[in-house]
1. Got a number for residues in region 230-275 being assigned to a strand (DSSP E or B), aromatic (Phe, Trp, Tyr) and more than 22 Å from Arg132 (Cα to Cα)?
2. Among the candidates Arg191, Arg183, Arg179, which residue alone is in contact (Cβ under 8 Å) with a residue 40 or more places away in the chain, charged (D, E, K, R) and touching a Gly at 6+ places or on another chain (Cβ under 6 Å)?
3. Scan region 22-37 for residues that are surrounded by fewer than 19 Cβ atoms within 10 Å (Cβ to Cβ) and part of a helix (DSSP H, G or I) and jot them down.
4. Collect the residues in region 170-199 that are within 14 Å of the ligand (Cβ to nearest atom) and either in contact with a His (Cβ under 9 Å, 6 or more places away or on another chain) or not hydroxyl-bearing (Ser, Thr, Tyr) (or both), keeping them in residue-number order.
5. Being out of contact with any Leu (no Cβ under 8 Å at 6 or more places or on another chain), among the β-branched types (Val, Ile, Thr) and open to solvent by 50 Å² or more (accessible area, probe 1.4 Å), is that true of even one residue in region 245-264?
6. Could you check how many residues of region 38-59 are touching a Phe, Trp or Tyr at 6+ places or on another chain (Cβ under 9 Å), outside any strand (DSSP E or B) and more than 27 Å from Glu135 (Cβ to Cβ)?
7. What are the pairs, 6+ residues apart or on separate chains, where a residue within region 229-241 that is touching a residue at least 40 places away in the same chain (Cβ under 8 Å) has its Cβ under 6 Å from a residue that is of a type in the set (Lys, Arg)?
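The values are calculated or read from the model by the stated rules, or taken from the named source; none is laboratory data. Here the structure is a predicted model, which means the values were calculated and not measured. Neighbour counts are summed over all protein chains in view; Cβ atoms, including those assigned to glycine, are modelled from backbone coordinates with ideal geometry. Accessible surface areas use protein heavy atoms only, side chains included; no ligands, DNA or RNA. Shrake-Rupley method; radii C 1.70, N 1.55, O 1.52, S 1.80 Å.
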Amino acid sequence: MHLTLQQLKLFESVYRNGSYTRAAKELYLTQPAVSIQLKRLEAQVELPLFEVVGKKIFPTAAGKAVYGACVDILARVDDLALSVEELKGEVKGPLELSVVTTAKYFMPRLLGHFLQDYPDVEPRLRFTNRARVVERLMNNEDDFVVMGQTPDDKNLETHPFLENILGVVAPPDHPLAGRKKVRLQDLAKERFIEREAGSGTRLVFDALLEKNGLRIEPYMELDSSEAIKQAVMAGLGLAVLSLHSLHLEQAAGKLVVLNVTGFPIKRRWYAVHLKGKRLSLVAKTFLDYILTESHQLLDIPQASS
Ligand code: PGA
């Protein structure tokens, strides 16, 4: 059989995505280009690899057999590429990272510093919601991911590297703003602008309320800390946010952090990947960099309790 690696890569993507169109998009190719290569692969195998039922494609028995071999071959090629890269010792090439939205307040700066030392690295930093980050992590789609609330799964390797401190945020003229101590139950009477369900920030706040037998129905749900800050500044309600996101507004006196019992909630940021994953030299170097340098590189506000 005369198979090319390009054909196997295309086939793997079509199989995984269950669609020629999605595979073409993922690989930055046209749909006809994908179809032609797949036809050539089928001609080599001398059997159809997919069958069309309704509007969907399904792998045939031959398709499943080719997929099994394909995954092995591509993994071996990736492994070879990593070995060669390590032998060369050059920190260059792609760095694929997915991070939860709150990490946008520090990950670009860490990456910026790293790129000054390693200008030949080609980063791809994807900011997305926690659900998507977890999905990408489990599918091994990135070099590693960064999140605050890691899934409870023993197949994961988690590296803590920075504090993640959550506080209750209010506009400075809010009646609770001047209070020395605000009880958690006092918050239950307030309007809250909350992050989307499933976000790390939201999970932690909900868990604290539940532990104390309290429940707050969100007045509004927004999936962006920037939008939440605007809503809080506009007097629409209070919010729980990571202190990483507040630097500018706190310095400008536009937002204050309330002194609430149980707050600040001190947590960590984690770099996470599947256990046993072989990291590329670039990924390993960046991971070491953030584990050892992030405190010095970032000006992290210390929470007052
Ligand atoms: P989030 O994650 O952006 O999903 O809220 C941050 C965190 O876990 O604190």
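1. 0
2. The match here is Arg191.
3. Those that are surrounded by fewer than 19 Cβ atoms within 10 Å (Cβ to Cβ) and part of a helix (DSSP H, G or I): Arg22, Lys25, Glu26, Gln31, Pro32, Ala33, Ser35, Ile36.
4. Result: Ile193, Glu194, Arg195, Glu196, Ala197, Gly198.
5. No: zero hits.
6. 2
7. Met233/Lys254; Gly237/Arg191
Conditions tested, residue by residue: (1) within 30 Å of Pro160 (Cβ to Cβ); (2) surrounded by fewer than 17 Cβ atoms within 10 Å (Cβ to Cβ).
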residue	(1), (2)
Tyr20	no, no
Arg40	no, yes
Leu47	no, yes
Val77	no, yes
Glu86	yes, yes
